[in-house]
Amino acid sequence: MEPTIVRYLLLAAVLFCIGLFGVLWKRNIIIVLVSIELMLNAVNINLVAFSRLGLAPNINGQVFALFAMVIAACEVAVGLAVLIALYRNRNTSDVKDMNLNKW
């Protein structure tokens with residue numbers, strides 16, 4: 001069975017929708033971070049699929065996917081640091097209770 005770009009795009013769309021659902025409807029900050037990672041991975045799947053199966057296959061999409069993974073790792077590190085700091089002060093991981101920086 002030959003892999004087609006439509007299958008990759010459908011997989012990426014499903015992952016992106018699951019991630020969007022998690023960001024919009026979940027209150028736990030860890031679930032929100034995981035959902036953001038799902039959305040970034042959906043974008044990475046699209047980048048790699050187009051770089052391999054697109055009209056002009058080249059390595060540019062794979063390089064962009066690598067950069068996106070590095071940025072995602074940095075985002076998770078900063079997000080977890082903020083979460084730990086807020087959890088120590090508030091004893092909760094609920095997004096609604098994290099209004100510490102509001103005016």
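The values are calculated or read from the model by the stated rules, or taken from the named source; none is laboratory data. Values in this document were obtained by computation on a predicted structure and should not be read as measured data. These accessible areas exclude ligands, DNA and RNA; they are computed on the full protein's heavy atoms, side chains included. Shrake-Rupley method; radii C 1.70, N 1.55, O 1.52, S 1.80 Å.
Where the alpha-carbon atoms of segment 42-81 are placed on the principal axes, they occupy 42, 15, 7 Å, in descending order. Between rounded, prolate and oblate, where does the chain land on the alpha carbon gyration tensor, with a ≥ b ≥ c its root eigenvalues, rounded for a/c under 1.5, else prolate if a/b exceeds b/c? Prolate is the answer for the chain, as a/c is 1.5 or above and a/b outweighs b/c.
Principal-axis analysis of the Cα atoms of the chain puts helix 29-53 at an angle of about 10° to the longest axis. Here the extension length gained between residue 27 and residue 75 equals 15.4 nm, from 0.36 nm per residue of separation less the Cα-Cα distance. The residues of the chain present an accessible area of 73 Å² per residue when probed at 1.4 Å with all protein chains retained. Between the helical axis of 5-25 and the longest alpha-carbon principal axis of the chain there is an angle of about 10 degrees. As I understand it, the value is the acute angle between the Cα axis of helix 60-90 and the longest principal axis of the Cα atoms of the chain; what does it come to in degrees, rounded to 10? For 60-90 against the chain, the angle is about 10 degrees. Counting alpha carbon pairs within less than 8 Å and at least 6 residues apart, what relative contact order, in whole percent, applies to the chain? Once divided by the residue count of the chain, the mean separation gives 26 percent.
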